[in-house]
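For reference, the structure discussed in these notes is given below.
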Amino acid sequence: MLRPIDEWYNQKEEPLKSCLQFLRGHILQQDKAITEAWKYGMPFFCIKGKMFCYLWIHKKFKRPYMGIVEGKKIRDPDLIREKRARMKIFLLDAQKDIPLKKINAILKEIISWYK
C-alpha cells in the first residue's frame, strides 16, 4: 500500500505527474538535511523538521508550482505572492523544460536560511 504522499504524486496525470516527480527528486537531492513530509494534505519538504517548501497545482492556472514558505524574504520577480502574507510561489509549465538554474538559485537561498 502506498503512503499518502506517494499516492498524491501517482494520481496526477501527465505531464503534471512527471514534472512533480522530477521536482520531488530534485529538491531532495539539494541537501542531505532535506526530508519530505505529508502535511495539510500536501507534499512538504523540511530541513531540521521545519517546512521550507511544498509542491502543489494552481487551481486557476492548472499549473504545478513550488511554494516557498518564507517567500516574502526573497525578492525575485518570478515569485508570485497573490494573497499570501508569508509564502510566495514559483509557477511552472509542465509542457516546457523546467528552469533548473532559477529553481536551484531559489533553493540555495532558502536552504542557507535553515542551516
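All of the numbers you see were taken from the coordinates with simple rules; none came from a lab. Owing to the predicted nature of the structure, the values given are computational and were not obtained by experimental measurement. Here the Cβ is made from the backbone with ideal geometry for all residues, glycine too, and neighbour counts use every protein chain on show.
Where both partners of a DSSP beta bridge lie in the chain, what percent of those bridges are antiparallel, to the nearest 5?
Just about 100 percent of them are antiparallel.
Label points 7 Å out from Cα along the Cβ direction at Ala33 and Asp78: separation in nm?
Distance between label points: 2.4 nm.
Run the simple label-point estimate for Ile57 and Met42 please: 7 Å along Cα→C-beta, distance reported in nm.
1.5
Evaluate the Debye formula for the chain with equal point scatterers sitting on the alpha carbons, no solvent, and hand back log10 of I(q)/I(0) at q = 0.15, 0.19, 0.22, 0.23 Å⁻¹, in q order, two decimals.
Here log10 of I(q) over I(0) equals -0.62, -1.05, -1.44, -1.58.
Output the peptides 60-66, 4-10 sorted from most to least packed, where packing is the average of other Cβ atoms within 10 Å over each peptide's residues.
Highest to lowest by the protection proxy: 60-66, 4-10.
Could you give the length gained by full extension between Gln21 and Glu109, i.e. 0.36 nm per residue of separation minus their alpha carbon distance, to one decimal place?
29.5 nm
Would you list which lysines come within 24 Å of Lys83, measuring only between C-alpha atoms, while excluding same-chain residues fewer than 8 positions from it?
Candidates past the 8-residue exclusion: Lys39, Lys50, Lys59, Lys60, Lys62, Lys72, Lys73, Lys102.
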